[in-house]
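Asker: Sending over a structure as structure tokens; questions will come in a sec.
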Amino acid sequence: MREAIILVGGKGTRLRPLTNHTPKPLLGVAGTSFIRHQVAKLMDAGVDHLVFATSYLAALFQDEFRDFAGLEISYAVEEVPLGTGGAIRNAGKLLRGGPDDPVLILNGDILSGVDLRDVVRRHEARGADVTLHLTRVADPRAFGLVPTAEGGRVRAFLEKPKTAAECVTDQINAGCYVFRRSVLDAIPDDREVSVEQETFPALVAGGGLVYGHTTDDYWRDLGTPLAFVHGSADLITGTATSPLVGPPAEALVHPTATVHASAQVTGGSTVGPYAVIGAGSVVHRSIVGERVTVEPGVGIHESVVDHDSVIGAGSTLRETVVGCHSHIGAHNELPPQLRLACGIRIPAGGVRVTGTATACLTAHRVTGEQ
């Protein structure tokens, strides 16, 4: 039996309002929930027993996989915050393997092209206690660093560097691990534990066999709105791969959606069930949810429009998140990084980056009037 754990307990605060009602791993990416892409990848790697380490809106994961076939799924619910290490230990109580068996562990918000079978194979060949998938980033200052010695053995786990001199490597933790089961079982289960700040450094300091497997495979953390839409688009265009996504395409449009012949849906965009894209509208590298109405002449770029919303004619969205059941009136220009709460209503022309020549309807006193 090959077993795995997926860490899915986070609240996904950086993706609000999308995560107000849906855990981050259950958000739609390239036509299905993101977690299903991860499950399919684990199944391809030979996993036949999976444990979800849940906390936030935990029951929704059981709803998502109620009738799922292909592997056995167990659910470990984190009643109080346990940190990454505590969540792994809590989920580990449901594993069935022996003390030396490998356990694959994935963060629930990482889209990666790494070969999971290869990671496990290297772990077993080295007799490692823990093997981490590492990736290289152009600017490591936003991440903790993981320098390795020749042969891949991890030398240290370093905090986020504050200066260029502290950037001793461009390697970071990519959110995929293989644990020896006995090492996982040794994590304390009576308090909050961080694997990055406690478990891994303690293993290295104690002479444990901790190895990094560094690759240049596709990797993206889907924790921010822009990264989220880019990850979905990359799956559709073939930049990233999933067993659940077909050949590379410009867009993924649900069969029940209606797209006007003069509209353009490009860049790996998705258009959900029963959505309507009006004449002359452009949807580029974006996610348009179920039952969304996009009126004529709209431009949606690198944005997410959640279900049951309306985008009024002539409006423009760039790097914007629109919560569900919202109504954006005609001729609005929504600036980048804007996140609109669920159910919000913006009147026609209410938000514009450029000026408007529309006359003011409010009566004003003339200058100098007594």
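The values are calculated or read from the model by the stated rules, or taken from the named source; none is laboratory data. Only a predicted model underlies this, so the values are computations on that prediction, with no experimental measurement involved. Note that we place each Cβ from the backbone using ideal geometry, even for glycine, and neighbour counts take in every protein chain shown.
Asker: Go through (1) in contact (Cβ under 8 Å) with a residue 40 or more places away in the chain; (2) out of contact with any Leu (no Cβ under 8 Å at 6 or more places or on another chain); (3) surrounded by 15 or more Cβ atoms within 10 Å (Cβ to Cβ) one by one and return the number of the condition PRO140 breaks.
Answerer: All conditions pass for PRO140, except number (1).
Asker: Looking at segment 49-66, which of the residues that are assigned to a loop (DSSP other than H, G, I, E, B) and of a type in the set (A, V, I, L, M) is modelled with the lowest pLDDT?
Answerer: As a first pass, look at segment 49-66 and keep what is assigned to a loop (DSSP other than H, G, I, E, B): 55-58, 65-66.
After this cut, where a residue has to be of a type in the set (A, V, I, L, M) as well, the list is 57-58.
Details: LEU57: 88, ALA58: 85.
Restricting to residues being assigned to a loop (DSSP other than H, G, I, E, B) and of a type in the set (A, V, I, L, M), the top hit is ALA58.
Asker: Go over the candidates GLY113, GLY85, GLY46, GLY144 one by one and state the one that is modelled with pLDDT under 90, out of contact with any His (no Cβ under 7 Å at 6 or more places or on another chain), within 23 Å of LEU26 (Cα to Cα) and not hydrophobic (A, V, I, L, M, F, W, C). Steps first, please.
Answerer: Values: GLY113 fails: modelled with pLDDT under 90; GLY46 fails: modelled with pLDDT under 90; GLY144 fails: within 23 Å of LEU26 (Cα to Cα).
From the options GLY113, GLY85, GLY46, GLY144, the qualifying one is GLY85.
Asker: Condition first: closer than 22 Å to ARG117 by Cα, touching a Pro at 6+ places or on another chain (Cβ under 6 Å) and in the same structural domain as GLY46 (by TED's automatic domain parsing). Can you find one or more residues in segment 181-195 that meet it? Spell out how you get there, then give the answer.
Answerer: Keep residues of segment 181-195 that are closer than 22 Å to ARG117 by Cα, which gives 181-184.
From the residues that got through so far, the ones that are touching a Pro at 6+ places or on another chain (Cβ under 6 Å) too are 181-182.
Subset that is in the same structural domain as GLY46 (by TED's automatic domain parsing): 181-182.
Yes.
Asker: Of all residues in segment 194-242, how many are in a strand (DSSP E or B) and over 22 Å from ALA125 (Cα atoms)?
Answerer: Of the residues in segment 194-242, 3 are in a strand (DSSP E or B) and over 22 Å from ALA125 (Cα atoms).
Asker: Now for a separate question. Which residues, counting only those in segment 302-346, are under 21 Å from GLY280 (Cα atoms), of a type in the set (Gly, Ala, Ser) and surrounded by fewer than 21 Cβ atoms within 10 Å (Cβ to Cβ)?
Answerer: ALA313, GLY314, GLY329, ALA330
Asker: Still on this structure: Given ALA69, ALA76, ALA40, which one is in a loop (DSSP other than H, G, I, E, B) and either surrounded by fewer than 24 Cβ atoms within 10 Å (Cβ to Cβ) or not hydrophobic (A, V, I, L, M, F, W, C) (or both)? Steps first, please.
Answerer: On the way: ALA76 fails: in a loop (DSSP other than H, G, I, E, B); ALA40 fails: in a loop (DSSP other than H, G, I, E, B).
Going through ALA69, ALA76, ALA40 in turn, the sole match is ALA69.
Asker: Filter segment 212-270 for residues that are touching a residue at least 60 places away in the same chain (Cβ under 8 Å) and among the β-branched types (Val, Ile, Thr); which is surrounded by the most Cβ atoms within 10 Å (Cβ to Cβ)?
Answerer: THR270
Asker: Could I ask something else about it? On the given criteria, is ASP189 assigned to a loop (DSSP other than H, G, I, E, B), within 28 Å of the chain's Cα centre (by Cα), more than 25 Å from GLY92 (Cβ to Cβ) and in contact (Cβ under 8 Å) with a residue 40 or more places away in the chain?
Answerer: Working: assigned to a loop (DSSP other than H, G, I, E, B): yes; within 28 Å of the chain's Cα centre (by Cα): yes; more than 25 Å from GLY92 (Cβ to Cβ): no; in contact (Cβ under 8 Å) with a residue 40 or more places away in the chain: yes.
In short, no.
Asker: For segment 125-137: of the residues being closer than 26 Å to TYR218 by Cβ and in contact with a Leu (Cβ under 7 Å, 6 or more places away or on another chain), which is surrounded by the fewest Cβ atoms within 10 Å (Cβ to Cβ)?
Answerer: Of segment 125-137, the ones closer than 26 Å to TYR218 by Cβ are 125-126, 128, 130-137.
Right, trim to in contact with a Leu (Cβ under 7 Å, 6 or more places away or on another chain) and you get 126, 128, 130.
Numbers: ARG126: 15, ALA128: 23, VAL130: 24.
By that ranking, first place goes to ARG126.
Asker: Hey, another quick one. Tell me which of these SER182 doesn't satisfy, since it passes every other one: (1) of a type outside the set (A, V, I, L, M); (2) under 19 Å from the mean Cα position of the chain (by Cα); (3) outside any strand (DSSP E or B).
Answerer: Condition (2) is where SER182 drops out.
Asker: Taking ARG121 as the residue in question, decide whether it is in the same structural domain as TYR211 (by TED's automatic domain parsing), within 22 Å of GLY46 (Cα to Cα), within 23 Å of the chain's Cα centre (by Cα) and surrounded by fewer than 22 Cβ atoms within 10 Å (Cβ to Cβ). Break it down into steps so the answer makes sense when it comes.
Answerer: Details: in the same structural domain as TYR211 (by TED's automatic domain parsing): yes; within 22 Å of GLY46 (Cα to Cα): yes; within 23 Å of the chain's Cα centre (by Cα): no; surrounded by fewer than 22 Cβ atoms within 10 Å (Cβ to Cβ): yes.
No, not satisfied.
Asker: If we scan segment 101-123, do we find a residue that is in contact with a helix residue (DSSP H, G or I) (Cβ under 7 Å, 6 or more places away or on another chain), assigned to a loop (DSSP other than H, G, I, E, B) and closer than 15 Å to ALA186 by Cα? Quick ask: steps written out before the conclusion?
Answerer: First, the residues of segment 101-123 that are in contact with a helix residue (DSSP H, G or I) (Cβ under 7 Å, 6 or more places away or on another chain): 101-106, 108-109, 111, 116.
Now narrow it down to the ones that are assigned to a loop (DSSP other than H, G, I, E, B): 101, 108-109.
Among the residues that remain, those that are also closer than 15 Å to ALA186 by Cα are: 101.
Scanning segment 101-123 turns up at least one residue that is in contact with a helix residue (DSSP H, G or I) (Cβ under 7 Å, 6 or more places away or on another chain), assigned to a loop (DSSP other than H, G, I, E, B) and closer than 15 Å to ALA186 by Cα.
Asker: Which residue, of ARG36, ARG14, is at pLDDT below 90 and on the phi < 0 side of the Ramachandran plot? Write out each step before concluding.
Answerer: Numbers: ARG36 fails: at pLDDT below 90.
Matching residue, one of ARG36, ARG14: ARG14.
Asker: Now a separate question. Run down GLY299, GLY349 and say which single residue is modelled with pLDDT under 95, farther than 15 Å from ALA30 by Cα and surrounded by 16 or more Cβ atoms within 10 Å (Cβ to Cβ).
Answerer: Numbers: GLY299 fails: modelled with pLDDT under 95.
On inspection, the qualifying residue turns out to be GLY349.
Asker: Ok, one more. For residues in segment 40-64 being without any contact (Cβ under 8 Å) to a residue 24 or more places away in the chain and of a type outside the set (A, V, I, L, M), which is nearest to LEU7 (Cα to Cα)?
Answerer: GLN62
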